[in-house]
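First comes the structure, then the notes that go with it.
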Amino acid sequence: MAQRVSLFVTCVVDQLFPKVGLAMADVLERLGYLVDFPEDQTCCGQPAFNTGYRDEARAVARHFLKVFRGCEYVVVPSGSCASMVAHHFHDLFPAEPEALAAADALTPRVWEFSRFLLEVARVDDVGARLEDIVTYHDSCHALREFGIKDGPRRLLANVRGLELREMDAAEECCGFGGTFSVKLPEISGGMVHTKIDSIVRTGANTVVSLDSSCLMQIQGALSRAALPVRTMHLAEVLASR
Amino acid sequence: MSATFDRKVHNTLADANLQLAIYRATGRLIDHRKQAVTPEALPEYQELRAQANALKRHTIDHLDHYLERFEANVTAHGGKVVWCRNATEVADFVLGLAKERQARLIVKSKSMTTEEIDLNERLEHHHLQSVETDLGEYILQLAHQRPYHIVAPALHLTRYEVGDLFARTLGVANETVVEKQTMIARAVLREKFLAADVGITGANFLVADSGAVVLVENEGNARLTTSAPRIHIAVAGIEKLIPRAQDLAVFLKLLGRSATGQAMTVYTSFLSGPRRGDEIDGPEEFYVVLLDNGRTRLLADSGKRESLYCIRCGACLNHCPVYRKIGGHSFPWVYSGPIGAIITPQFMGVKFEPSLPFASSLCGACAEVCPVKIDIPKVLLDLRAEVKQDERCSGVNRLERLAFKVWAWVMCHPRVYEIAAVVAAGMAPAEGRAWLRKVPTPMNLPPVKAWLSQRDLPPAPARSFREMWRRR
Amino acid sequence: MSREHILHTVRTALKRGAGQGIAEPPPVRLRVPEVDPDTRVARMLSRVEALAGKTLRAPSMDEARVYTAEVLGGRSAVASNAPFLRECGIGGLPGVETGFTDSAALRARCAVVDVGITSADYALADTGTLVMLAGLAEARLISLLPPVHIAVVPAARVLSGLDELLTLVSHPAEQTSSMVMITGPSRTADIEQILVRGVHGPGEIHVVVVG
């Protein structure tokens with residue numbers, strides 16, 4: 001009996017980078033999982049939470065809990081969205097015991113994609129092939145809130161034809177930070193410049209990350225600077241054949 | 001966002017030399033710290049952090065007890081504790097004592113607490129000469145500037161600026177060799193140490209079971225400040241307490257390494273009162289000023305009380321990608337960096353600089369390196385919620401508030417969300433390979449404009465994920 | 001009164017009553033590793049050298065005295081009243097003044113001599129640190145004002161590290177008003193992060209471990 005996993009693609013992937021969601025589904029299906037997409041999903045509430053709008057975040061979180069109730073595995077192509085659910089939902093419901101119970105029940109079932117592959121599916125080689133020189137950007141939430149650092153690198157190491165070059169500022173924030181990117185654009189822009197300088201120094205053609213928000217920030221800056229480097233989500237790399 | 005903050009940020013970002021200076025100086029401190037806390041160098045590093053957090057939590061949660069114990073032990077060793085609610089009371093005490101003792105010259109070692117209360121300005125206003133003796137602070141005093149960084153106060157100045165400054169203020173020849181500049185300052189300050197009536201320091205730690213002040217430094221100016229003049233006054237926030245001398249086994253291992261990568265700073269002084277009977281030198285009078293100045297307000301907020309655990313190592317500044325871009329002078333108060341961002345709104349009120357809690361991408365680098373494990377991102381998030389609550393009460397920023405209300409409603413109604421998404425995609429330029437440098441006017445809302453000011457936008461794909469999924 | 005006001009405000013903030021007791025503070029376990037004396041001394045001296053200090057392992061007090069005389073090279077010095085220095089015969093070296101008990105006279109000399117000579121109460125091997133407790137035997141300014149500092153220490157006083165020190169001296173305040181830990185020469189990097197030594201303490205230190 002094939003194991004069922006539910007996709008939470010995130011609003012950014014749904015609307016701007018749909019191929020990331022499809023790539024993630026492909027990889028999971030190839031591993032033998034039955035993949036479903038609860039259609040009523042929208043967002044995890046992070047934009048409101050990060051901007052200080054707790055009530056609004058709470059409302060969206062309640063909707064999320066409803067949509068994913070009873071799912072055994074929820075797989076997410078984003079460290080920051082997975083972190084919102086796994087680390088912040090608990091604190092959103094101090095006065096709602098039912099919602100709190102639902103949040104605490106769901107939290108251990110929410111998996112950032114690379115962690116799902118390594119810790120649940122227990123694979124580090126998904127049979128991918130991609131002839132390219134890449135560098136990897138450590139998304140902050142994944143790195144610091146989930147301790148995800150070696151995992152994606154192991155997965156990339158097993159992609160045939162791929163060369164991974166480490167950039168010196170791999171662990172430095174790309175400057176996205178959600179609404180930070182538009183509330184303090186100059187600082188955000190300064191931070192991403194440091195990041196793309198570091199990327200360029202590696203000579204890589206492609207920057208890989210497990211978070212589409214980071215990739216949107218980085219690609220936006222690369223494009224503005226007319227640099228020929230492209231970005232790919234880890235899922236897209238792993239889906240390559 | 002406040003215009004002052006934006007202007008300072010903009011000017012700092014636009015100054016290429018300053019950017020390089022900040023990045024290099026903090027980069028060096030990052031590397032030094034990293035080497036000092038590897039599993040080989042300090043295998044118990046994470047354990048020490050947990051212990052430090054537990055010790056601070058315990059002390060702060062029982063602060064009244066430790067304050068009284070501290071006072072009893074200072075008194076038992078011949079010293080005196082002076083309790084001050086605010087800056088004025090500290091200045092009044094120092095001025096009063098100086099008058100009684102006919103003291104005219106004061107030497108000072110580095111203390112952020114005394115910066116916080118503008119002590120030098122207050123003393124100088126009453127014609128007392130108060131000379132900073134830490135090299136970086138001395139330079140800043142001559143230049144009438146605030147510290148740029150907790151540990152490296154003059155990191156923004158070049159040797160040429162220092163040369164000009166010394167020539168102008170000390171009447172010496174313009175010297176640009178750093179070693180020579182340092183020796184000039186040494187000579188000037190040596191005279192001051194030996195002539196001073198009073199030495200004022202801060203305190204890195206106050207040890208309750210000993211009535212002791214602990215000072216860590218590399219230059220020796222704190223030692224001189226506390227050994228040469230006949231009066232020593234230590235000014236410290238009430239949160240500096242630790243319970244026992246043996247707790248230094250935890251804190252001293254963390255402070256030097258986190259700040260500069262040093263297993264031990266050059267000098268660590270454990271001072272518990274005026275000189276005793278058989279001692280040959282040392283001050284004849286010893287005072288510890290315990291300062292509130294708003295700390296009790298932070299104490300009352302149990303959710304953010306951990307902000308008081310800070311041991312002022314500066315690691316959060318060094319690792320903060322925002323600080324590394326905007327530098328110390330962009331911050332509106334004496335404390336900069338992530339710690340400054342969380343305590344400034346708590347001391348001064350969120351209205352003092354409403355941008356501060358938002359001037360962070362919440363990357364968490366600060367929390368990762370904080371030796372006492374303050375969850376800075378959590379406190380920032382709490383402050384953001386407070387700012388928005390405050391805005392709601394005062395009726396400002398209505399448009400943003402409305403936008404998020406609408407956004408939340410849409411996100412709770414999936415069919416509406418789908419329609420809205422289709423409409424938005426329809427307005428956006430069609431999918432090509434290129435990212436967008438600009439958008440049509442109806443789309444050019446403030447957040448979109450802000451985004452486009454720094455980078456390109458992704459083009460809307462022909463179909464959303466859910467549309468593609470349905471067609472699979 | 002500010003004292004009462006502050007204490008009251010603290011108690012209110014913490015929801016504690018006056019005279020309310022406290023739980024025990026979290027325990028701090030001091031680790032004293034088993035390290036043989038020779039290794040301790042070797043480690044101590046190598047740490048000092050790593051900080052640009054100069055060192056000597058002197059098999060006897062004579063060697064310690066000879067080395068000190070060489071470093072002095074005829075320059076002026078103030079030596080502390082540490083009995084160990086007397087045993088090593090250092091007080092008698094040419095140019096060395098010792099036996100100061102008056103603070104004004106001591107300070108005046110320390111301000112002009114080239115070298116300060118002291119012993120130390122303890123040394124900490126894992127960081128290359130000298131530990132000095134102020135008292136009749138050791139005045140503060142001798143290791144601080146002159147630009148050169150020579151410390152002559154018996155090997156038995158070299159401890160493994162800070163934890164061992166705090167085990168032996170758990171209440172420094174009971175013994176002295178000033179316990180100072182000295183780790184290498186004075187230094188600053190406040191101008192362009194360029195390292196300069198000897199501001200404001202001694203820029204040159206020599207550690208001699210005897211025995």
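The values are calculated or read from the model by the stated rules, or taken from the named source; none is laboratory data. Note that the structure is a prediction, hence the values are computed from the model and not measured. Reconstructed Cβ throughout: ideal geometry from the backbone, glycine too, with neighbour counts over all protein chains shown.
Here's the yes/no breakdown for (1) part of a helix (DSSP H, G or I); (2) buried (at least 22 other Cβ atoms within 10 Å of the Cβ); (3) more than 17 Å from the chain's Cα centre (by Cα); (4) of a type in the set (A, V, I, L, M):
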{"position": "A:D14", "(1), (2), (3), (4)": "yes, yes, no, no"}
{"position": "A:A25", "(1), (2), (3), (4)": "yes, yes, no, yes"}
{"position": "A:V35", "(1), (2), (3), (4)": "no, no, yes, yes"}
{"position": "A:P47", "(1), (2), (3), (4)": "yes, no, no, no"}
{"position": "A:D91", "(1), (2), (3), (4)": "yes, no, yes, no"}
{"position": "A:A103", "(1), (2), (3), (4)": "yes, yes, yes, yes"}
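Taken over segment C:161-201, the residue count meeting the criterion of being closer than 17 Å to C:A50 by Cβ, touching a residue at least 24 places away in the same chain (Cβ under 8 Å) and more than 8 Å from chain B (Cβ to nearest Cβ) is 2. In segment B:432-467, the residue that is farthest from the other protein chains (Cβ to nearest Cβ) out of those that are aliphatic (A, V, I, L, M) and buried (at least 17 other Cβ atoms within 10 Å of the Cβ) is B:V439.
Among the candidates B:E47, B:E71, the residue that is out of contact with any Phe, Trp or Tyr (no Cβ under 8 Å at 6 or more places or on another chain), exposed (fewer than 14 other Cβ atoms within 10 Å of the Cβ) and either farther than 22 Å from B:T113 by Cβ or touching a residue at least 40 places away in the same chain (Cβ under 8 Å) (or both) is uniquely B:E47. Pairs meeting the criteria (first residue in segment A:1-26 and closer than 14 Å to A:C71 by Cβ, second residue among the small types (G, A, S), beta carbons under 6 Å, at least 6 apart or on different chains) are A:V9/A:G21. The set of residues in segment C:126-155 being surrounded by fewer than 24 Cβ atoms within 10 Å (Cβ to Cβ) and more than 10 Å from chain B (Cβ to nearest Cβ) consists of C:V148, C:P154, C:A155. Among residues of segment C:105-129 that are farther than 23 Å from C:A52 by Cβ, those with a beta-carbon under 7 Å from a residue that is in a helix (DSSP H, G or I) and of a type outside the set (D, E) at least six positions away or on a different chain give the pairs C:L106/C:L141; C:R107/C:L141; C:A111/B:L194; C:D121/C:R157. When A:E112 is tested against (1) crowded, with 22+ Cβ neighbours inside 10 Å; (2) under 19 Å from A:Q217 (Cα atoms); (3) away from every other protein chain (no Cβ under 14 Å), just one condition goes unmet, and that condition is (2). Checking each residue in segment C:97-147 for being among the acidic types (D, E) and not in a strand (DSSP E or B) picks out C:D102, C:D114, C:D121, C:D126, C:E138. Listed conditions (1) facing chain A (nearest Cβ under 8 Å); (2) over 41 Å from the mean Cα position of the chain (by Cα); (3) charged (D, E, K, R) are all met by B:E418, apart from (1). State all residues of segment A:82-132 that are farther than 22 Å from A:S213 by Cα and in contact with an Asp or Glu (Cβ under 8 Å, 6 or more places away or on another chain); if no residue qualifies, say none. Selection gives A:H90, A:R109, A:L118, A:D132. For the residues B:G220, B:G261, the requirement of being more than 19 Å from B:G314 (Cα to Cα) and either modelled with pLDDT of 95 or more or more than 7 Å from every other protein chain (Cβ to nearest Cβ) (or both) singles out B:G220. Where helices (runs of 4 or more DSSP H) sit wholly within segment C:1-96, those with at least 2 residues that are more than 9 Å from chain B (Cβ to nearest Cβ) and within 21 Å of the chain's Cα centre (by Cα) occupy C:37-50, C:61-72, C:83-87.
Here is a yes/no grid of residues against (1) in contact with a helix residue (DSSP H, G or I) (Cβ under 7 Å, 6 or more places away or on another chain); (2) in a loop (DSSP other than H, G, I, E, B):
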| position | (1), (2) |
| --- | --- |
| B:P43 | no, yes |
| B:E47 | no, no |
| B:K56 | yes, no |
| B:F70 | no, no |
| B:W83 | yes, no |
| B:V90 | yes, no |
| B:V94 | yes, no |
| B:A103 | no, yes |
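Scanning segment C:111-125 for residues that are closer than 16 Å to C:H149 by Cα and either surrounded by fewer than 19 Cβ atoms within 10 Å (Cβ to Cβ) or within 9 Å of another protein chain (Cβ to nearest Cβ) (or both) yields C:A111, C:V112, C:D114.
Of A:R153, A:R241, all but one fail to be basic (K, R) and in a loop (DSSP other than H, G, I, E, B); the exception is A:R241. Would you mind stating whether A:E72 is outside the structural domain of A:T179 (by TED's automatic domain parsing), surrounded by fewer than 24 Cβ atoms within 10 Å (Cβ to Cβ) and among the acidic types (D, E)? Judged against the criteria, A:E72 is a match. Of the helices (runs of 4 or more DSSP H) that lie entirely inside segment A:162-232, those containing 2 or more residues that are more than 10 Å from chain B (Cβ to nearest Cβ) span A:185-202, A:212-224.
Residue-by-condition table, conditions (1) basic (K, R); (2) more than 12 Å from every other protein chain (Cβ to nearest Cβ); (3) farther than 26 Å from B:L255 by Cβ; (4) in contact with a Phe, Trp or Tyr (Cβ under 7 Å, 6 or more places away or on another chain):
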residue: B:P332; (1), (2), (3), (4): no, yes, yes, yes
residue: B:G337; (1), (2), (3), (4): no, yes, no, yes
residue: B:T344; (1), (2), (3), (4): no, yes, no, yes
residue: B:K351; (1), (2), (3), (4): yes, yes, yes, no
residue: B:P357; (1), (2), (3), (4): no, no, yes, no
residue: B:P371; (1), (2), (3), (4): no, yes, no, no
residue: B:L380; (1), (2), (3), (4): no, no, no, no
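Exactly one residue out of B:T169, B:T133 is touching a strand residue (DSSP E or B) at 6+ places or on another chain (Cβ under 7 Å) and either surrounded by fewer than 15 Cβ atoms within 10 Å (Cβ to Cβ) or at pLDDT 95 or above (or both): that is B:T133.
Screening segment A:51-72 for residues that are closer than 20 Å to B:S361 by Cβ and touching a Leu at 6+ places or on another chain (Cβ under 9 Å) and picking the one that is nearest to the other protein chains (Cβ to nearest Cβ) gives A:G52. Among the residues making up segment B:28-44, none is loosely packed, with under 15 Cβ neighbours inside 10 Å and within 21 Å of B:T12 (Cα to Cα).
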